[in-house]
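These notes concern the structure reproduced below.
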Amino acid sequence: MTAETLFLPRDLPLWRDARPYLDVRNNDEHTIIAYALARRLVALTPGAEESVVLPAILLHDVGWKKVPEDLLLHAVGRKPTRPDLVRDHELYGVEIAREILERHAPEGVDIDAVCEIIDGHDTVKEAKSLNDAVVKDADKGWRSTPHGMRTIGGWYGVGPDEVLIMLEEKSNPLMLTPAGRALAEGQTTAVRTEMMIEACLGHGPEFTTALPPGKGADKWQRN
Ligand SMILES: [Fe+2]
Ligand SMILES: [Fe+2]
């Protein structure tokens, strides 16, 4: 899969312009996975509009680039000391996203609706609209993917057990749509159950070694 197949043709120019703003805190990787999840969630959520949801998820985190890099880890996590920076990244994000969107003026995209979702995508827990709910679910749903779990574990220096607890207690309850909830709870349930394989079978998971190391999700299982 390439950017050309992952992103809709309408969104490719937005992606190219967003990339320089997404090279902090794994946001480029987070964004492509959240975008792919958003495409699925839109398809599974009657009434959701891809022309709002997809540009919004693509651009939602561009504002982190303007937050000093040494402060990023203080903004999120279990006990953040600088939660104000979360609000800052939303406001910076609206500014940057609006500039990109107005420059490209993608056909059929309601720029105000996209910016309205970026503004508050993390700090406002309730959905302002169905489109907002789908964007929030794609964003938070990423956390429970293999990539999200591994990334979060790396940020805080904790293993899968602790990441799972955080997801189950703090993140999954935030999911807003039936499809989003199924996505997040399905993934954490699968990982939680995988940890019980040894208790059930008397031996741990027996993976094949056919995959070379470093090919993505398999790395989560190896460490
Ligand atoms: Fe964000
Ligand atoms: Fe995000």
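The packing ranking of peptides 201-207, 96-102, 67-73, 125-131, highest mean first, is 96-102, 125-131, 67-73, 201-207, where packing means the average number of other beta carbon atoms within 10 angstrom of each residue. Using the Karplus relation 6.51 cos²θ - 1.76 cosθ + 1.60 with θ = phi - 60°, the per-residue 3J(HN,Hα) values for segment 173-189 come to x, 7, 5, 10, 10, x, 5, x, 5, 5, 4, 5, 5, x, 6, 5, 5 Hz, with x marking Gly and Pro.
Near LEU58: Cβ cut-off under 12 Å, other residues only, Lys/Arg at +1 and Asp/Glu at -1. The net charge is -2. Between THR2 and ARG98, the modelled label-to-label distance comes to 3.5 nm, taking each label 7 Å out from Cα in the direction of the beta carbon. For the chain, the longest principal axis of the alpha carbon atoms and the long axis of helix 50-59 meet at an angle near 80°.
Mean separation of Cα pairs under 8 Å and 6 or more residues apart, divided by the residue count, gives the chain a relative contact order of 19 percent. If you run the Gaussian network model on the chain, springs between alpha carbon atoms under 10 Å, then out of TRP142, TRP155, TRP64 the most flexible one is TRP155. Mind running the shape call on segment 27-162? Use the C-alpha gyration tensor, a ≥ b ≥ c as the square roots of the eigenvalues: rounded below 1.5 for a/c, prolate if a/b tops b/c, oblate otherwise. Oblate. Build a GNM of the chain with springs between Cα atoms under 10 Å apart, and of PRO160, PRO146, PRO20 the one that fluctuates most is PRO20.
Distance between the modelled labels on LYS128 and ASP84, one decimal in nanometres: 2.3 nm (7 Å Cα→Cβ projection).
Could you compute the net charge surrounding PRO173? Neighbours are other residues with a C-beta less than 14 Å from the C-beta of PRO173; K and R count +1, D and E count -1. Here the charged neighbours net out to +1.
Within the straight-line cut-off of under 16 Å between alpha carbons, the aspartates and glutamates reachable from LYS136 are GLU49, GLU50, ASP61, GLU90, GLU116, ASP119, ASP122, GLU126, GLU185, sequence neighbours fewer than 8 places apart in one chain being disregarded. Between 0 and 90 degrees, rounded to the nearest ten: what's the tilt of helix 27-44 against the longest Cα principal axis of the chain? Between helix and principal axis, roughly 90 degrees.
Readers should treat all values here as calculations from the given coordinates under stated rules, not as data from a laboratory. All of these numbers come straight from a predicted model, not from anything done at the bench. Cβ sites come from the backbone with ideal geometry, for glycine too, and all protein chains shown count toward neighbours.
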